[in-house]
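Structure, as structure tokens:
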Amino acid sequence: HGEKSEAGSTLNDRVITDTFLRGEADRDQNVYLGTLFTRVLTRAVPDVIFQPVSLGEAARALRWAREARVPVTLRGAASAAMGGAVPNDGGLTLDLSLLDQIDLDAEDSVVVVGAGARLRTIHQRLAVEGRALTVYPSNLGGTLIGWFVTGGIGMNAYGCGRALDSVRAADVLLPAGEHVRFHDDGRLD
């Protein structure tokens, strides 16, 4: 349908089936992934790309993919060089780049970061308030969430701990679309 979303684009604008645009999602920062890998050894071009603007939309996409038995690949900034954002067997690429909210609660020293928020933008937003994350990776072009789920360590994190050490809670969507909140004290909502 043509209904406008919070991000100003329609749902149809965020369901990407264009051949060229889907072909751009067959690699991440790794320039060595050539057509032998992406077209012969794997089916790295997604069949469809969806850009959710809310947790609810992402959950519905995951539920649909589970029910339809469609493989899912998550994509944030695709700034790593290991192929983590590259599909192995087509399917759905869930592009999280529009989930880029950054909400600062200065009083509690908490920042709530969306899965698509780039580290450079987070850094700039916090700097305006005289704040900063306790740890940063060496690549500010990626997303905080991408860095977090791949271990949260790096050149700028030595001495201050991993990204995990500074997270109070994480909202997680499970593969079937269920929402769970993990807390740093072990609680689960």
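Annotations
- Within the option set Leu99, Leu94, Leu62, being in a loop (DSSP other than H, G, I, E, B) and either in contact (Cβ under 8 Å) with a residue 40 or more places away in the chain or closer than 22 Å to Arg181 by Cα (or both) holds for one residue only, Leu99.
- If only residues of region 134-162 that are among the aliphatic types (A, V, I, L, M) and in contact with a Leu (Cβ under 7 Å, 6 or more places away or on another chain) are counted, the one that is farthest from Asp100 (Cα to Cα) is Leu140.
- Matching residues, region 57-110, being charged (D, E, K, R) and over 13 Å from the mean Cα position of the chain (by Cα): Glu57, Arg60, Arg63, Arg66, Glu67, Arg69, Asp89, Asp103, Asp105, Glu107, Asp108
- Any chance Arg125 is open to solvent by 50 Å² or more (accessible area, probe 1.4 Å), under 19 Å from the mean Cα position of the chain (by Cα), more than 24 Å from Leu55 (Cβ to Cβ) and basic (Lys, Arg): no
So that you can scan it fast, the table gives a plain yes or no per residue for (1) in contact with a Lys or Arg (Cβ under 8 Å, 6 or more places away or on another chain); (2) closer than 30 Å to Thr17 by Cα; (3) at pLDDT 95 or above:
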{"residue": "Val86", "(1), (2), (3)": "yes, yes, no"}
{"residue": "Asp89", "(1), (2), (3)": "yes, yes, no"}
{"residue": "Leu94", "(1), (2), (3)": "yes, yes, yes"}
{"residue": "Ala106", "(1), (2), (3)": "yes, no, no"}
{"residue": "Val111", "(1), (2), (3)": "yes, no, no"}
{"residue": "Leu119", "(1), (2), (3)": "no, yes, no"}
{"residue": "His123", "(1), (2), (3)": "no, no, no"}
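- Residues of region 73-83 include none that is charged (D, E, K, R) and open to solvent by less than 20 Å² (accessible area, probe 1.4 Å).
- Qualifying residue in region 36-51 (condition: in contact with an Asp or Glu (Cβ under 8 Å, 6 or more places away or on another chain), under 30 Å from Arg131 (Cβ atoms) and modelled with pLDDT of 95 or more): yes
- The combined condition, being modelled with pLDDT under 95, of a type in the set (Val, Ile, Thr), in contact with a strand residue (DSSP E or B) (Cβ under 6 Å, 6 or more places away or on another chain) and open to solvent by 40 Å² or more (accessible area, probe 1.4 Å), is not fulfilled by Val149.
- Test for Gly116: is it open to solvent by less than 30 Å² (accessible area, probe 1.4 Å) and assigned to a loop (DSSP other than H, G, I, E, B): yes
- Selection from region 176-189 of residues that are under 16 Å from Ser54 (Cα atoms), open to solvent by 60 Å² or more (accessible area, probe 1.4 Å) and in a loop (DSSP other than H, G, I, E, B): Glu178
The values are calculated or read from the model by the stated rules, or taken from the named source; none is laboratory data. Values in this document were obtained by computation on a predicted structure and should not be read as measured data. All Cβ positions, glycine included, derive from the backbone under ideal geometry; neighbour counts span all protein chains shown. Please note that ligands, DNA and RNA were not included when accessible areas were found on the heavy atoms of the full protein model with its side chains. Shrake-Rupley method; radii C 1.70, N 1.55, O 1.52, S 1.80 Å.
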